[in-house]
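Asks: Here it is, the structure, as structure tokens.
The values are calculated or read from the model by the stated rules, or taken from the named source; none is laboratory data. For clarity, every value in this text was computed on a predicted model and none was experimentally measured. Quick reminder, even Gly has a Cβ in these numbers, built from the backbone with ideal geometry, and neighbours come from all protein chains shown. Keep in mind that these areas ignore ligands, DNA and RNA; they rest on the heavy atoms of the full protein, side chains included. Shrake-Rupley method; radii C 1.70, N 1.55, O 1.52, S 1.80 Å.
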Amino acid sequence: MFTVYIIYSIKFDKYYIGMSSDTVIRLKAHNAGHVKSTKPYRPWKYIYQEEHKTRIEARNREKYLKSAAGRRWRKNNLGM
């Protein structure tokens, strides 16, 4: 199973969308500063997750959530 997730930096009011097969380890990596794009905005917390059976499905959903249509979906469904 692969999980598409959205994390949020309270301190900087930033969102990050990603995917992982192990979200616990991935969040630890984000908060430890091992991910270049999220390092300056620590700490992070999960605000949304959805599971997909294949990596391809998860990647497609991640790409959608990062698109203009995905931003509209996030605004309408998650209040982001």
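Asks: Mind listing the phi-derived Karplus ³J(HN,Hα) values for the range 16-23, rounded to whole Hz, using 6.51, -1.76 and 1.60 with θ = phi - 60°, and x for any glycine or proline?
Replies: Using θ = phi - 60°, the values come out as 9, 10, x, 9, 7, 8, 9, 6 Hz.
Asks: With unit charges on the beta carbon (Lys/Arg positive, Asp/Glu negative), name the residue among 52, 69, 24 whose Cα is farthest towards the positive pole of the charge dipole of the range 6-80.
Replies: Going by the Cα projections, it comes out as 69.
Asks: Sticking with this one: Counting Lys and Arg as +1 and Asp and Glu as -1, each charge on the Cβ, what is the dipole of the range 6-72 about the Cα centre in debye, to the nearest 20?
Replies: 240 debye
Asks: Right, something else. I'm a student and want to see the number: the projected area of the Cα convex hull of the chain, averaged over all directions, in nm². Spell out each step's value before the answer.
Replies: Numbers: hull surface 19.9 nm².
Mean shadow area of the hull around the Cα atoms is 5.0 nm².
Asks: So which trypsin sites (Lys or Arg not before Pro) in the chain pass both tests, a DSSP loop state and at most 10 other Cβ atoms within 10 Å of the Cβ?
Replies: 11, 36, 53
Asks: Counting each DSSP H run of 4 or more residues in the chain as -39500 (n - 2.57), what helix-only mean residue ellipticity at 222 nm follows after dividing by all residues, to the nearest 500 deg cm²/dmol?
Replies: -12500 deg cm²/dmol
Asks: What percentage of the solvent-accessible surface of the chain, computed with a 1.4 Å probe over protein heavy atoms, is contributed by carbon and sulfur atoms?
Replies: Carbon and sulfur together cover 51 percent of it.
Asks: What distance in nm separates the simple spin-label points at residue 57 and residue 80, each placed 7 Å from Cα in the Cβ direction?
Replies: The answer from the label model is 2.0 nm.
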